[in-house]
Each structure stands twice: as structure tokens, then as C-alpha cells.
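Visitor: One structure follows; several queries about it will come next.
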Amino acid sequence: MADIQENEAVTELGPDNVLFVKTDVASWEQQRALFTRADEWAGSQGLAFLAANAGLSDPPGSLDGLVGKAKADEVVTPPTVDPIQVNLLGAIYSLQLFAHFVRKRGRAGKAVLTSSGAGIYPMPSHPAYAASKHAIVGYTRSIAPSLKPDSIAVNAILPGFTPSNMTAPLLGVIPDQYVTSLDTMVAAYDVFLDDDSQMTGQVLEVSASKKWHFRDHPTYPDEEIRWLNEESAGFFAKVFGLA
Ligand SMILES: NC(=O)c1ccc[n+]([C@@H]2O[C@H](COP(=O)([O-])OP(=O)(O)OC[C@H]3O[C@@H](n4cnc5c(N)ncnc54)[C@H](O)[C@@H]3O)[C@@H](O)[C@H]2O)c1
């Protein structure tokens with residue numbers, strides 16, 4: 001388990017059951033050190049599962065410069081893009097390191113990257129967050145075929161509104177019927193953990209009503225767009241040298 005701050009779950013689970021490594025997932029060096037230690041800790045079995053779940057949302061005021069609210073006498077500062085660095089870059093770093101250590105051991109692995117409803121719908125209050133979560137969906141669908149030959153599955157999960165530190169200010173404000181329980185979220189992870197069919201590149205949206213929904217990419221509006229996306233892969237492979 002890794003987090004930028006200490007996590008009380010570590011004490012509950014006990015030191016024999018969990019290795020905690022304080023890590024800023026936006027740092028490649030820190031993640032490389034984390035995965036190296038985790039691989040050693042796992043022993044000959046190696047790493048089998050990655051949940052790339054660390055995340056944060058747009059800090060208050062981060063849009064001020066963009067939407068013209070910066071004070072007139074202030075030099076406009078660049079927007080804060082922490083959600084891109086942590087939610088997106090952090091997950092990309094984690095997946096590459098996970099794939100490296102799974103391959104090194106010659107075993108199979110499963111990765112689940114955390115997106116959000118903001119990964120497929122607009123979220124005007126948190127645009128950088130929405131951008132990072134949309135990117136996780138596109139990355140999952142796009143990278144999955146390249147890792148399949150190594151028996152590494154990559155899927156994305158889109159949690160419903162779930163109680164957590166991030167959502168604490170909204171608890172009691174959002175009506176209960178729209179709140180997804182932790183049990184439902186854990187059960188949604190089991191959809192991937194229990195899968196024997198090598199499911200990969202899938203996007204699973206979780207709803208408060210104890211349901212999850214596999215979400216396909218948008219339907220193609222015409223035949224040319226379908227062809228470009230589904231049948232042009234051979235041309236891309238030829239030009240860019242991809243498998
Ligand atoms: N709770 C929800 O309703 C909800 C809905 C959709 C998606 N999500 C996603 O679920 C994931 C978990 O969020 P949560 O709701 O449990 O919130 P949370 O704030 O309780 O957990 C997020 C964790 O990420 C850690 N983190 C933040 N920046 C980090 C960094 N640079 N390096 C390492 N760790 C870092 C935080 O310390 C925190 O422990 C996030 O990716 C979030 O975007 C949550």
C-alpha cells in the first residue's frame with residue numbers, strides 16, 4: 001500500500017499483512033522505489049494486482065486565472081494541474097512499473113485504474129479532475145491490447161459517489177439514495193479480481209443502487225468513423241511500428 005500520507009488501515013491490517021511505503025505517486029523515482037520494495041516484499045510470487053487509486057480534485061481557486069477571476073493587480077499564474085499529475089501521470093507510472101515487475105517474474109497480473117463518473121460526463125466544478133479521469137478511460141482502452149500478450153489485464157473502475165475523505169464535505173448533503181456503499185465498491189473490484197476470462201480494456205461504472213455497468217466507447221456516428229477506429233490499425237502499425 002502506498003499513499004502520500006500515513007494510512008490507519010496499515011495499523012488495522014498489521015505489519016505482517018501489509019507493506020506501507022509513503023509515496024508521492026506523481027514522482028517516478030518514488031514510485032520506482034515503491035515497486036522495487038513491493039516486489040521484494042511479495043517474494044517469489046511477485047506482484048499480482050495493482051489498484052491505482054490515489055487521487056485528488058481541483059484545489060479551490062485553481063480556475064481563477066482561467067475564468068478571469070484573478071485580482072486585477074495580480075500577474076496571472078498558471079492553473080494548478082495536480083489532478084493531471086497525480087490521477088493520470090501517477091496511474092501511468094504505476095502501470096508501467098507494475099507491468100515491468102509482473103513480466104520480470106513471468107506471471108500474470110491484473111491492474112485496475114480508478115477513473116470516475118467525471119471520466120465520461122462533464123464536471124464543471126472540477127475541470128482538471130474531469131480531464132484526468134477522462135484520460136484514464138482513454139488510456140485504459142488504448143493500452144490494454146499491448147499488455148494482453150503478457151497476460152496483464154488493465155481495466156478501469158468509475159466509482160459512484162462513495163464516502164471518503166475526498167467526499168466528506170458532501171456527506172449528509174447528497175441524499176442517501178445517491179451514495180454508493182463501500183461494500184458495493186469492493187464487490188465491483190471483485191468483478192475484475194474474480195474474472196477468469198482475461199477481461200481487459202473494460203470500463204466499469206458503479207452506481208449507488210448496488211449495480212455496475214460496463215461502458216463501451218461512444219457509438220460511431222457513421223461508417224467512415226467506424227472504419228478509421230476499428231479497421232485502420234494495420235496502417236498505424238505499419239507507419240508507427242507497433243505490434
Ligand atoms: N469517493 C468518491 O465518491 C469517488 C468517486 C469517483 C472517483 N473517486 C476516485 O477514487 C479514488 C480514491 O479517492 P477517495 O474518494 O477514496 O478519496 P480519499 O481522499 O479518501 O483518498 C485519496 C487518497 O489519495 C492520496 N493521495 C493524494 N495525492 C497523492 C499523491 N500525490 N501520492 C500518493 N497518494 C496521494 C490521499 O492521501 C488519499 O489517501 C480517487 O482516485 C478518486 O478520484 C472517488
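A short reminder: the numbers here are calculations on the coordinates, not readings from a lab. No experiment lies behind these values; they were computed from the predicted model shown. Reconstructed Cβ throughout: ideal geometry from the backbone, glycine too, with neighbour counts over all protein chains shown.
Visitor: Explain nothing, just the number: relative contact order of the range 72-205, from Cα pairs under 8 Å at least 6 residues apart, as a whole percent.
Guide: Relative contact order comes out at 27 percent.
Visitor: Hey, another quick one. What percent does the relative contact order of the chain come to when contacts are Cα pairs within less than 8 Å and at least six residues apart?
Guide: RCO, the chain: 15 percent.
Visitor: Round to a whole angstrom and tell me the spacing of the C-alpha centers of the range 22-66 and the range 123-137.
Guide: The range 22-66 and the range 123-137 have Cα centres separated by 18 Å.
Visitor: Please report the spacing between the Cα centers of the range 142-192 and the range 78-101 in Å, no decimals.
Guide: So the separation of the two Cα centres works out to 17 Å.
Visitor: Please arrange Met166, Met1, Met185 by how many other C-beta atoms lie within 10 Å of their C-beta, fewest to most.
Guide: Lowest count first: Met166, Met1, Met185.
Visitor: By how many nm would the segment from Met166 to Ser197 grow when fully extended, if each residue of separation counts as 0.36 nm and the alpha-carbon distance is taken off? Walk me through the numbers on the way to the answer.
Guide: Working: separation 31, 0.36 × 31 = 11.16 nm, distance 3.37 nm.
Full extension of this stretch gives 7.8 nm more.
Visitor: Tally Lys/Arg at +1 and Asp/Glu at -1 over every other residue whose Cβ is under 12 Å from the Cβ of Glu224; what's the total? Before the final figure, lay out the partial values.
Guide: Working: positive: Arg226; negative: Asp222, Glu223, Glu230, Glu231.
Value of the local net charge: -3.
Visitor: Cross-link candidates for Lys110: which lysines have Cα within less than 19 Å, leaving aside residues fewer than 8 places away along the same chain?
Guide: Output for Lys110: Lys148.
Visitor: A further question follows. Compute, for the chain, the length of the dipole vector about the Cα centre, with Cβ point charges of +1 (Lys, Arg) and -1 (Asp, Glu) only. Units Debye, rounded to 20.
Guide: Roughly 500 debye, rounded to the nearest 20.
Visitor: Also: Give the aspartates and glutamates reachable from Lys133 as a straight Cα distance under 17 Å; neighbours fewer than 8 places away on the same chain don't count.
Guide: Asp58, Asp82, Glu205, Asp216
Visitor: Same structure, new question: Using only Cα atoms, what Kirkwood radius does the chain have, in angstroms?
Guide: Final number for the Kirkwood radius of the chain is 19.8 Å.
Visitor: Can you pull the one-decimal nm distance between simple spin-label points at His217 and Glu29, each 7 Å off the Cα toward Cβ?
Guide: 3.8 nm
Visitor: Can I ask one more? With the calculation restricted to Cα positions, what are the radius of gyration and Dmax of the range 79-188 in angstrom?
Guide: 15.6, 48
Visitor: Note down the magnitude of the dipole of the range 1-139 about its Cα centre, charges +1 on Lys and Arg C-beta and -1 on Asp and Glu C-beta and zero elsewhere, to the nearest 20 debye.
Guide: For the range 1-139, the charge dipole is close to 720 debye.
Visitor: Dipole magnitude of the range 107-229 about its Cα centre, charges +1 at Lys/Arg Cβ and -1 at Asp/Glu Cβ only, in debye to the nearest 20?
Guide: Values: 9 positive and 12 negative charges, 50 e Å.
Using only the charged Cβ atoms, the result is roughly 240 debye.
Visitor: Can you show me the helix-derived [θ] at 222 nm for the chain, built from DSSP H runs with n ≥ 4 at -39,500 (n - 2.57) apiece and divided by the number of residues, rounded to the nearest 500.
Guide: It lands at -11000 deg cm²/dmol.
Visitor: Excluding Lys133 itself, what net charge comes from residues whose Cβ is under 13 Å from its Cβ, given Lys and Arg +1 and Asp and Glu -1?
Guide: Once all neighbours under 13 Å are counted, the net charge is -1.
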